[in-house]
Amino acid sequence: MEQHYHHLTRLYAAGFEGVEGYPVLVEASRREPTYGAGRTTVVGLPDAAVRESIERVVPAVLSCGLVYGGEDTVVINLAPADRRKEGPAFDLAIALALAATADNHLHIDNDTAFLAELALDGSLRPVRGVLACALALRDAGVQRLVVAPDNAQEAAVVEGLKVHAPASLGEVVSAIRRSWQGLAPVAPSLDDDRLVDLGPDLADVRGQDHAKRALAIAAAGAHNLLMIGPPGSGKTMLARRLPGLLPPMTIDERLDVTRVHSVAGLLPGGQGLMACRPFRAPHHNVSTVGLIGGGSMPRPGEVSLAHHGVLFLDELPEYARPVLESLRQPLEDGHLTISRSAARLTFPSRCMLVAAMNPCPCGYLGHPSRSCSDNQDAIHRYRARISGPLLDRIDLHLEVPAQKPEVLDRQEAGPDSHTVRDQVMGARQRMLERQGQANARLEGRALRRHVRLDDEAKTLLHQAVDELGLSARAHDRILKVARTIADLDGLDQPGLDQVSEAIGYRLLDRQTW
């Protein structure tokens, strides 16, 4: 039987692995069936959602008055064929490829990509990972991207890419036939950082002046923080106010945070770049995969969702020890790598760890008015759930005592979040001008170059390391904290007072452990 081949249609979509997008070439070829009825096949390593797209796409094509040509055999190939394609984001591209190979008078330029899920009536629905895909398409030379209206602002932030957000497949077809005349590109909307909500105010926390000072140090230098105190002493209140003390995110940081949340499907519809730093507080029954990411189709975990923000672990000893130990590498490196047989995926994890815990299982060890009901063995087992190497990676160990009623009832409030944030921003600006990064990120020769102690401060530090049995990592973290305290105090170099204060935030290593 003679075969009649129609022209081959090619257009672009995109997929993502981890938090990185990649362009996908959607090819469609139509021919008359060799025998029997024709069928449409999707190849190129599609998952179940992509294979099912034909069942969604065909009603959408017909609802827009387009010819489908279901009596023919159609092969749709998603290239590159060796990378797994998942999700409904290929619906729109597949629908247009089907329509273009039939008698619908559609000519699609090869500089245009399509990324949306289709409803049965042809309307466009949002999908995950649009920002990562848009960046990859722009880098591949694509000049125009068509997305669902709820994804428009997310894609529009990518410079050099014209973004269109029609409401339905019919509008897309009409725009293609008019060479995109009458469908204006979406303009990006960037929020003013001055209008960003700082969240709960630090002034709401009564007393705890020492803890507020430590919170400002942590925010200024991007240091990890552990708070130890009885129930109700204000640990969680303090932690939830930390994101409001951090400097505003740069455009690059906002892109990074938005891309991770978009891939995870947590970006609200219609939102462009995220303006507020993330605050993630997973429950203590979280799994290792839930905390650091992974799975059969790897997804970012809580530590990646807290990228450029705060990861808060309340009741730290209640987390499974393997879960806590999995944090060591991402906290140290700022990223984590998940290896699979087909690929190695890298997720960002440059976040601040803030943890809180009770001093003992009952919570009242050292309480001024309540007695502890735990014996020493129970207290030791409770604290032993947190390993020394993990404690070493936490710069500030802070005791948060219970507050007396007269402190809670006093009328005068302490500094508010705006005041402390201004101090933090001034200190962080000094760090960036001096070394281009926060003090917590200093390592090796850079740390030695930017922290120069006088003989008196150096003697005190060496004495503390010897008497407390601190590790080399703890030694360096004391230097980083002292450098941050000096920046907050407006000093060129840390002196005896700054080093002494920094050592004070490590005394819990040996006094209570």
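Please indicate, with yes or no, whether at least one residue in region 299-321 is assigned by TED's automatic domain parsing to the domain that holds residue 283 and at pLDDT below 90. Break it down stepwise before answering.
Within region 299-321, the first condition is being assigned by TED's automatic domain parsing to the domain that holds residue 283, and the residues that meet it are 299-321.
Checking which are at pLDDT below 90 leaves us with 299.
Taking every residue of region 299-321 in turn, at least one turns out to be assigned by TED's automatic domain parsing to the domain that holds residue 283 and at pLDDT below 90.
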So residue 320 clears everything in (1) farther than 23 Å from residue 210 by Cβ; (2) touching a residue at least 60 places away in the same chain (Cβ under 8 Å); (3) of a type in the set (Gly, Ala, Ser) except one condition, right? Which one? (2)
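From the list 421, 445, which one is under 19 Å from residue 209 (Cα atoms) and either surrounded by 14 or more Cβ atoms within 10 Å (Cβ to Cβ) or free of Cβ contacts under 8 Å to residues at least 40 places away in the same chain (or both)? Can you show your working first?
Values: 445 fails: under 19 Å from residue 209 (Cα atoms).
Selected residue: 421, the only one of 421, 445 that is under 19 Å from residue 209 (Cα atoms) and either surrounded by 14 or more Cβ atoms within 10 Å (Cβ to Cβ) or free of Cβ contacts under 8 Å to residues at least 40 places away in the same chain (or both).
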Which of the residues belonging to region 117-159 are in contact with a strand residue (DSSP E or B) (Cβ under 7 Å, 6 or more places away or on another chain) and polar (S, T, N, Q)? 123, 143
Flag for residue 134 being assigned to a helix (DSSP H, G or I) and closer than 30 Å to residue 253 by Cβ: yes
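So that you can scan it fast, the table gives a plain yes or no per residue for (1) assigned to a helix (DSSP H, G or I); (2) small (Gly, Ala, Ser); (3) in contact with a Pro (Cβ under 6 Å, 6 or more places away or on another chain):
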site	(1), (2), (3)
223	no, no, no
239	yes, yes, no
252	yes, no, no
262	yes, yes, no
267	no, no, no
273	no, no, no
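Hey, does region 396-407 have a residue that's among the hydrophobic types (A, V, I, L, M, F, W, C) and either outside the structural domain of residue 213 (by TED's automatic domain parsing) or assigned to a helix (DSSP H, G or I) (or both)? I'd like the intermediate steps shown before the answer.
At the first step, the residues of region 396-407 found to be among the hydrophobic types (A, V, I, L, M, F, W, C) are 396, 398, 400, 402, 407.
Checking which are either outside the structural domain of residue 213 (by TED's automatic domain parsing) or assigned to a helix (DSSP H, G or I) (or both) leaves us with 407.
Within region 396-407 (the criterion being among the hydrophobic types (A, V, I, L, M, F, W, C) and either outside the structural domain of residue 213 (by TED's automatic domain parsing) or assigned to a helix (DSSP H, G or I) (or both)), the answer is yes, since at least one residue qualifies.
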In region 140-178, what count of residues is obtained for those that are over 22 Å from the mean Cα position of the chain (by Cα) and either within 24 Å of residue 18 (Cβ to Cβ) or of a type in the set (Ser, Thr, Tyr) (or both)? 11
Kindly establish whether residue 366 is in contact with a Ser or Thr (Cβ under 9 Å, 6 or more places away or on another chain), at positive phi and surrounded by 15 or more Cβ atoms within 10 Å (Cβ to Cβ). yes
For region 434-486, which positions are assigned to a loop (DSSP other than H, G, I, E, B) and in contact with a helix residue (DSSP H, G or I) (Cβ under 9 Å, 6 or more places away or on another chain)? 437, 438, 442, 443, 451, 453, 454, 469, 470, 471
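Scan region 179-193 and tell me whether some residue there is among the β-branched types (Val, Ile, Thr) and either touching a Lys or Arg at 6+ places or on another chain (Cβ under 6 Å) or part of a loop (DSSP other than H, G, I, E, B) (or both). Before the answer, list the steps.
Quick first cut of region 179-193, residues among the β-branched types (Val, Ile, Thr) only: 186.
Cutting the leftovers down to either touching a Lys or Arg at 6+ places or on another chain (Cβ under 6 Å) or part of a loop (DSSP other than H, G, I, E, B) (or both) gives us 186.
Taking every residue of region 179-193 in turn, at least one turns out to be among the β-branched types (Val, Ile, Thr) and either touching a Lys or Arg at 6+ places or on another chain (Cβ under 6 Å) or part of a loop (DSSP other than H, G, I, E, B) (or both).
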Search region 235-246 for residues that are of a type in the set (D, E, K, R) and pair each with any residue that is assigned to a helix (DSSP H, G or I) and modelled with pLDDT under 95 when their beta-carbon atoms are under 8 Å apart and the residues are at least 6 apart or on different chains. 241/202; 241/204; 241/417
One residue is enough: does region 453-468 have a residue meeting the conditions surrounded by fewer than 21 Cβ atoms within 10 Å (Cβ to Cβ), touching a residue at least 24 places away in the same chain (Cβ under 8 Å) and among the polar types (S, T, N, Q)? no
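The values are calculated or read from the model by the stated rules, or taken from the named source; none is laboratory data. A quick note: this is a predicted structure, and the numbers were derived from the prediction, not measured. Neighbour counts are summed over all protein chains in view; Cβ atoms, including those assigned to glycine, are modelled from backbone coordinates with ideal geometry.
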